[in-house]
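Only one structure is covered here, and it is reproduced in the block below.
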Ligand SMILES: [Zn+2]
Ligand SMILES: [Zn+2]
């Protein structure tokens, strides 16, 4: 049985002798933090709210988190933040928390928290130890996240990364410590088409903000998978099976913070986590901007 499990694990992550995607050479074709900083000198980000395009207050409260310099108080109030109680593994809000911001039908509401604060789905074993999401993938942030991902609004990476950093800082200190940041990679063909990987941009800012080293070339997407938003829940795991590889030089690492923009079923995160665990990683937490309620 343990042999079988081992061989399955090995299959989930194909070790490569060299980077087959050549991603190291196309790491940042259109984006660098320096270029973005220079752009901000001429086009400051804190002129209008990046959700409603309305004016920002002249002065933010001194206790405000850094992202509040870029969003108006009205929009901040409208965001369906994921707050306690939520599942400690996948961040799905548990029954009591659902408010008028989360108009989901009764049948998908989760029951009250178990003693370990896990939703029913997360009581089964998973290679991914935890997903943390800032808010639900709903109005008013949904449009901005979509524009960030598909319409070249790369400057939003900084604001989203500040929100994600704040989420991490809200946790107990021991849950904030990571050895390394990785981001969910795109296949090289999709990266060429899009010109940037939104998860990579977030990871760069988070690395600076959290002072945790980021290894952009460690994970490689070796299989060209179908776009997940075209697939049903049950089609997602098979779509990303064997899709990821680790660079040969990646060291055995204890705690990894994996970055992506949106968490839906966790199929991608779990495929990557299986790959990392087969190479000896101890613990993997995913951090995403938004979580879809599926
Ligand atoms: Zn606003
Ligand atoms: Zn859960």
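The values are calculated or read from the model by the stated rules, or taken from the named source; none is laboratory data. It should be emphasised that the depicted structure is a prediction, and the values quoted were computed from it without experimental measurement. Don't worry about glycine lacking a Cβ; one is built from the backbone with ideal geometry, like all the others, and counts go over all protein chains shown.
Any chance you could count how many residues in the range 58-102 are away from ligand 2 (no atom under 16 Å from the Cβ), part of a loop (DSSP other than H, G, I, E, B) and either under 14 Å from residue 137 (Cα atoms) or at pLDDT 85 or above (or both)?
Quick first cut of the range 58-102, residues away from ligand 2 (no atom under 16 Å from the Cβ) only: 58-81, 99-101.
Right, trim to part of a loop (DSSP other than H, G, I, E, B) and you get 58-65, 70-72, 79-80, 99-101.
Subset that is either under 14 Å from residue 137 (Cα atoms) or at pLDDT 85 or above (or both): 65, 70-72, 79-80, 101.
Final tally of qualifying residues: 7.
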Scan 212, 259 and give me the residue that is modelled with pLDDT of 95 or more, under 15 Å from the mean Cα position of the chain (by Cα) and surrounded by 17 or more Cβ atoms within 10 Å (Cβ to Cβ).
-> 259
Condition broken by residue 157, with the remaining ones in (1) in contact with a helix residue (DSSP H, G or I) (Cβ under 8 Å, 6 or more places away or on another chain); (2) surrounded by fewer than 21 Cβ atoms within 10 Å (Cβ to Cβ) satisfied = (2)
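Is it the case that residue 294 is in contact with a strand residue (DSSP E or B) (Cβ under 6 Å, 6 or more places away or on another chain) and either surrounded by fewer than 18 Cβ atoms within 10 Å (Cβ to Cβ) or at pLDDT 95 or above (or both)? Can you show your working first?
Working: in contact with a strand residue (DSSP E or B) (Cβ under 6 Å, 6 or more places away or on another chain): no; either surrounded by fewer than 18 Cβ atoms within 10 Å (Cβ to Cβ) or at pLDDT 95 or above (or both): yes.
Judged against the criteria, residue 294 is not a match.
How about the range 161-188: which of its residues are assigned to a loop (DSSP other than H, G, I, E, B), within 26 Å of residue 83 (Cβ to Cβ) and over 12 Å from the mean Cα position of the chain (by Cα)? Walk me through how you get there before you give the answer.
If we filter the range 161-188 for residues that are assigned to a loop (DSSP other than H, G, I, E, B), which is where we start, we get 170-172, 177-179, 184-187.
Restricting the remaining residues to those that are within 26 Å of residue 83 (Cβ to Cβ) gives 170-172, 177-178, 184.
Matches in the range 161-188: 170, 171, 172, 177, 178.
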For residue 75, indicate whether it is touching a residue at least 40 places away in the same chain (Cβ under 8 Å), surrounded by fewer than 16 Cβ atoms within 10 Å (Cβ to Cβ) and more than 21 Å from residue 206 (Cβ to Cβ).
-> no
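When the residues of the range 116-153 are filtered to those that are in a helix (DSSP H, G or I) and farther than 20 Å from residue 71 by Cβ, which remaining residue is modelled with the lowest pLDDT? Explain how you work it out, then say what you get.
First, the residues of the range 116-153 that are in a helix (DSSP H, G or I): 120-123, 142-150.
Those still in the list that are farther than 20 Å from residue 71 by Cβ too: 120-123, 150.
Working: 120: 77, 121: 81, 122: 84, 123: 80, 150: 91.
Ranking the qualifying residues of the range 116-153, first place goes to 120.
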Restricting the range 40-57 to residues that are more than 15 Å from ligand 1 (Cβ to nearest atom) and assigned to a loop (DSSP other than H, G, I, E, B), the residue that is farthest from residue 166 (Cα to Cα) = 43
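Output the residues belonging to the range 229-248 that are at pLDDT 90 or above and part of a loop (DSSP other than H, G, I, E, B).
In the first step, residues of the range 229-248 are kept if they are at pLDDT 90 or above; the result is 244-247.
Answer for the range 229-248, where residues must be at pLDDT 90 or above and part of a loop (DSSP other than H, G, I, E, B): just 247.
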